[in-house]
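**Q** What follows is a structure written as structure tokens; I'll ask about it next.
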Amino acid sequence: MDIITEYKINPQTIAMLPNFHPIYQTKIIEEESIYVTEERIDSILNRNCLDYGASITGRREAIIHKTNYVQKTPILISETLKLIIFPTHSPENMNCAWFMYHQIKRVTPIDKNRCEIVMHNTTKLEAQVSYQALLQQIHKSAVIFSLFCTEQTINFSFEVKGRNKMPTR
């Protein structure tokens, strides 16, 4: 485990986890490395969003505008690199961990409030969140990926009506 002063989120980033240590506030897991830093996760996210071209507030507002994902909003860090990170809890919650959408291969429930996340490089991490809540965050991230990182146009206008009787012949 290496100590770093500033972290640049990149395609090898897997997760940023709260690290309950008096000095090193964040644990960062990459495909081949693990780091700790004095920087808090929110500071890392803020700085990286600016480094990739927009403030975290602007990115969050754009996502809310397009999706109405107001709570536990995933953050698109870079459209070019397709870097989307999502929180497991409200970012104000001290147990909030952040996972990179593109790194997740499989999620398995452990119990009512815990899941195992298997990454594409076979790293296994435990998340202190329900299976359904984690799937919802992955789904939100997939929608954000489709809207912002592909040329695909998605229209959300459809109408659901009550059951209609089948016409008789």
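**Q** Quick check: anything in the range 57-74 part of a helix (DSSP H, G or I) and under 13 Å from Trp98 (Cβ atoms)?
**A** Within the range 57-74, not a single residue is part of a helix (DSSP H, G or I) and under 13 Å from Trp98 (Cβ atoms).
**Q** Mind listing whichever residues of the range 79-89 are at pLDDT below 95 and either exposed (fewer than 13 other Cβ atoms within 10 Å of the Cβ) or within 18 Å of Ile28 (Cα to Cα) (or both)?
**A** Thr80 - this is the single residue of the range 79-89 that is at pLDDT below 95 and either exposed (fewer than 13 other Cβ atoms within 10 Å of the Cβ) or within 18 Å of Ile28 (Cα to Cα) (or both).
**Q** Check Val118, Val107, Val129 and return the single one that is within 15 Å of the chain's Cα centre (by Cα), assigned to a strand (DSSP E or B) and either more than 17 Å from Glu31 (Cα to Cα) or of a type in the set (Ser, Thr, Tyr) (or both).
**A** Val107
**Q** Residue pairs, Cβ under 8 Å, 6 or more apart or interchain, first in the range 7-29 and of a type in the set (Phe, Trp, Tyr), second assigned to a loop (DSSP other than H, G, I, E, B). List them.
**A** Listed pairs, sorted by first residue: Tyr7/Glu39; Tyr24/Glu38.
**Q** Ala133 passes all but one of (1) surrounded by fewer than 16 Cβ atoms within 10 Å (Cβ to Cβ); (2) within 22 Å of Ile41 (Cα to Cα); (3) touching a helix residue (DSSP H, G or I) at 6+ places or on another chain (Cβ under 6 Å); which number fails?
**A** Failing condition for Ala133: (3).
**Q** Determine if the range 100-115 includes at least one residue that is among the hydroxyl-bearing types (Ser, Thr, Tyr) and at pLDDT below 95.
**A** No, that holds for no residue.
**Q** If I ask for residues that are out of contact with any Lys or Arg (no Cβ under 7 Å at 6 or more places or on another chain), within 15 Å of Gln132 (Cα to Cα) and surrounded by fewer than 20 Cβ atoms within 10 Å (Cβ to Cβ), which ones from the range 99-116 would you list?
**A** Arg106, Val107, Thr108, Pro109, Ile110, Asp111, Lys112, Asn113, Arg114
The values are calculated or read from the model by the stated rules, or taken from the named source; none is laboratory data. This structure is a prediction, so every number in the text was calculated from the model and none was measured. When we count neighbours, we look across all protein chains shown, and the Cβ atoms used for this are built from the backbone with ideal geometry, even at glycine.
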